[in-house]
Amino acid sequence: MSDPAPPSAPGNEPELWSFSAWFPPPYRVLLLASIGLLLFAANVHILHTKGIDLFALFRADEQEKRRQTGSNSFHRSTTGAATQYGSYHNTNRTPHEANGAILPTTQSTTATVQGGITTRPLVVFGAAQLAWALAGWASYRFYVDSLAGDPKGRHAQALQGFAVAGAAATLLWPGNLFFKPMRKAFGRALLLILTPSLSQPIPFSHVVLADILTSFAKVLGDVWLTACFLVPRKEHHTWWNGKGSIAVPLLISLPYAVRLRQCLSEYATAPSNTGAKNKRPLWNAAKYASAFPVIWLSAWYEADTHAASHEADWISRYTLWLLAVGVNSIFSFWWDVSNDWGLSLLLPANMGSLASVANNATNLHRRGVSYAPLPTDAVPMASMRADEKRTGLEVPSTAVAGPSRSGAAVGSHGRSLSTVERMLRPTPSLMFAAWMYQLAIVLDLGLRFLWSLKLSSHLHHLVEWQGGVFSFELLEIVRRSVWVLFRVEWEVVRRRESARPHVALD
């Protein structure tokens, strides 16, 4: 690969200006936010079809975190279906009531049966925001195209300001319209994850929310660019690209700082039963910390307007950026597959040959489980095949006796497992088809390494062009929605397996 060329000076990018004028940042932010909300609603619905009530899982996890910290107060829920309707729940429930809420069962509750009531606020609010964003953009295009208006003029700013103000008003409206309980729940959760505390228990719902925000990191940068555009100033396109403003990398760094703080807090508050704490949260914190060099070296690279005068230093800086990108992307991809999704494919013991992957893929549920065991009837069984329902999510004999060397492992349910199943999960705990896991891995790998387009100087313009950046932002949000599905599925599976004392967990 040839050495990269120094960056061009700001203000000399007609392609950048062309797309930003055609689809300004305010509409991009509103569109991506509404799409993200609709994708989360789709996640909730898909998981419900598999027998998983995501909001019940969130509530149960919060209850368990409060129990571990000795908090017995009457608590207003910050997440989940209960908060969507402004309800309260008492943490001092009976054991039967508490156990029944840990995970959804095949006995659907009223909240999950009646016409998709759990996802209705998400779908309606997300669809309304999407329609508002598209209507605002259509009015802007009508003004520019049909009325020959100036896309940089005050009337264009007024149209975009009106669109942003309308979306903000529905989100912050103090009345009972626009699903106030859901909006308040989101606001409370957002305030909690932004609390700079290392002694705060981290419920699973806050982990999911903060991880989703990391996929909106670039969108948060666009929020600043939107604010800059709505305030009259010269040379808007240089601000649209984020050059010359330290606020953009600060906003992009914020979600990663939140997750870093959560990981440190999780380590600080974790119980120590054997005298030594699990170091997994610290490794997870290192993963999020590895994003900061990528963000700030990139910001330094974009803000350097005199690169031609010190080309050697610029190339060294570019090399450091490439190294940071490689470390962050590879580490993040491996963590997604091996830890967040609980798949065995990329574990060090399975990195030899295809045969060793298949043979060494013993029970997937081998890592430490820090959550409460679940009752046997609290596992969704509707998604399991008929020959697997007899024993539920049984652990095969290989989980205790060691990996099978016969090349055709047989689970306790009596069905021979395919090579693909043994490579992914050698138990009937796959809630989705095996090809979906394979596709998710490929998708995650491809989108994690999408930044590689920027490594080649002849492809540099594809990424710098804001149309490409917008496409990458959209693809990252789609990737995160896929990540949420398998992350929640792994949470359900490992909680279920933690209830089996005969299973040896590493």
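The values are calculated or read from the model by the stated rules, or taken from the named source; none is laboratory data. Bear in mind that the values here come from a model prediction, so they are computed numbers and not experimental data. Because the Cβ atoms are built from the backbone with ideal geometry, glycine has one as well, and the counts that use them run over all protein chains shown.
Remarks
- Gly80 vs. criteria at pLDDT below 85 and either surrounded by 14 or more Cβ atoms within 10 Å (Cβ to Cβ) or in contact with a helix residue (DSSP H, G or I) (Cβ under 7 Å, 6 or more places away or on another chain) (or both): yes
- Whether a residue is modelled with pLDDT of 85 or more, out of contact with any Pro (no Cβ under 9 Å at 6 or more places or on another chain) and among the hydrophobic types (A, V, I, L, M, F, W, C) was assessed, and Leu16 does not pass this test.
- Checking Val223 against (1) modelled with pLDDT of 90 or more; (2) more than 19 Å from Thr269 (Cα to Cα), the condition it does not meet: (1)
- First in region 136-153 and closer than 18 Å to Gly166 by Cα, second anywhere and surrounded by 12 or more Cβ atoms within 10 Å (Cβ to Cβ) and among the hydroxyl-bearing types (Ser, Thr, Tyr), Cβ under 9 Å, 6 or more apart: Gly136/Tyr27; Trp137/Tyr27; Tyr140/Tyr27
- Among the residues of region 316-367, just one is surrounded by 21 or more Cβ atoms within 10 Å (Cβ to Cβ), modelled with pLDDT of 90 or more and farther than 21 Å from Leu430 by Cβ, namely Asn328.
- Residues in region 19-35 that are assigned to a helix (DSSP H, G or I), at pLDDT below 95 and surrounded by fewer than 21 Cβ atoms within 10 Å (Cβ to Cβ): Phe19, Ala21, Trp22.
- Answer residue from region 433-451, given it is under 21 Å from the mean Cα position of the chain (by Cα) and small (Gly, Ala, Ser) and is modelled with the lowest pLDDT among those: Gly446
- Residue check, Arg66 surrounded by fewer than 23 Cβ atoms within 10 Å (Cβ to Cβ) and either modelled with pLDDT of 90 or more or part of a helix (DSSP H, G or I) (or both): yes
- Matching entry among Val488, Val469 (being modelled with pLDDT under 85, of a type in the set (Val, Ile, Thr) and assigned to a helix (DSSP H, G or I)): Val469
- Residue, farthest from the chain's Cα centre (by Cα), within region 40-52, restricted to residues that are assigned to a helix (DSSP H, G or I) and either surrounded by 20 or more Cβ atoms within 10 Å (Cβ to Cβ) or not hydrophobic (A, V, I, L, M, F, W, C) (or both): Thr49
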